[in-house]
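Here is the structure we will look at, set down as structure tokens.
The values are calculated or read from the model by the stated rules, or taken from the named source; none is laboratory data. The structure displayed is predicted, hence computed values, not measured ones. Positions of Cβ are generated from backbone atoms using ideal geometry, with glycine treated the same way; all protein chains shown enter the neighbour counts.
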Amino acid sequence: MYLGAVQEVNSVEISTRDSDTQVTLASNQSWTDDAWVLNEDVYCPATGLGLGEMMGLMGICDDGDPPVPHAAGLQGLDVATYPDWIAYVDTNGGVARPLVEDLFVQAIQNTELYATTDVIMVSLGVYRVWLSLLSSYKTLPNTKVMWGGWSGLPFFYDGREIPVVSERFVPDGNALLLSNENLIMHVLNPNLITWEKGDASNILQKVANKNEYVAEGHFFGNLGTGLRPGFGRIEDLQEP
């Protein structure tokens, strides 16, 4: 489906590759310049309304309007019209500040009315700061807690042990508070996995200098939510 286009399609086949910058489509289709191309089976205005925002973690953990293409009307849940449709964001105006436990506590208290925080996902630098704090507190610095495929450090709140895990794609100085049950995975490829072509157009590829074969596949998806206020973000944390 082409958002902003003059018509909606499920798929288009390429007829010929004319040059490095131009192709000819097998059927006549048209769309406006800079239009957003989406998978119709995943999301479109007619069927996607109310099914949850599809915007990625940084779009979910934000107090501004959801990122494009939402501005073009996918759901119309803009902040001006729906002031409650925001996540909790604690910012310090771009000025770095020390990480203290109370920042985590405040963020959890401001989101727990809507959802339970299952994990605090932080940048690599913030993770190192939290490890240093645990070590200085002598609070189980070697304890490992698990969340999905991640291992992390503990944060204790209201009798619960919340994992603090690091992810290199979290922006520097940021911590994201996430709720498992309110994250939605939108699969962008109906076939789930796109396999890279190997030898002679097969999936398997020969490993150099070894009697082995491997297969490489890619999973395309996006994260959304139907409960944005249940998420939070802490910004401007000092890093080593």
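Observations on the model:
- Selected residue (criterion: modelled with the lowest pLDDT) from residues of the range 193-240 that are under 30 Å from residue 127 (Cα atoms) and among the basic types (Lys, Arg): 228
- If only residues of the range 193-239 that are in a strand (DSSP E or B) and among the basic types (Lys, Arg) are counted, the one that is nearest to residue 92 (Cα to Cα) is 233.
- Considering 95, 12, the condition of being modelled with pLDDT of 70 or more, assigned to a loop (DSSP other than H, G, I, E, B) and on the phi < 0 side of the Ramachandran plot is satisfied by 95 alone.
- Residue match in the range 163-181 (condition: modelled with pLDDT under 90, among the hydrophobic types (A, V, I, L, M, F, W, C) and loosely packed, with under 12 Cβ neighbours inside 10 Å): yes
- Among the residues making up the range 79-112, those that are more than 22 Å from the chain's Cα centre (by Cα) and farther than 18 Å from residue 64 by Cα are 95, 96, 97, 98, 99, 100, 101, 102, 103, 105, 106, 109.
- Odd one out for residue 80 among (1) surrounded by 13 or more Cβ atoms within 10 Å (Cβ to Cβ); (2) modelled with pLDDT under 95: (1)
- Of all residues making up the range 202-227, the number that are closer than 15 Å to residue 57 by Cα and without any contact (Cβ under 8 Å) to a residue 24 or more places away in the chain: 0
- Residue check, residue 190 at pLDDT 85 or above and outside any strand (DSSP E or B): no
- Restricting the range 120-141 to residues that are in a helix (DSSP H, G or I) and of a type in the set (S, T, N, Q), the residue that is modelled with the highest pLDDT is 132.
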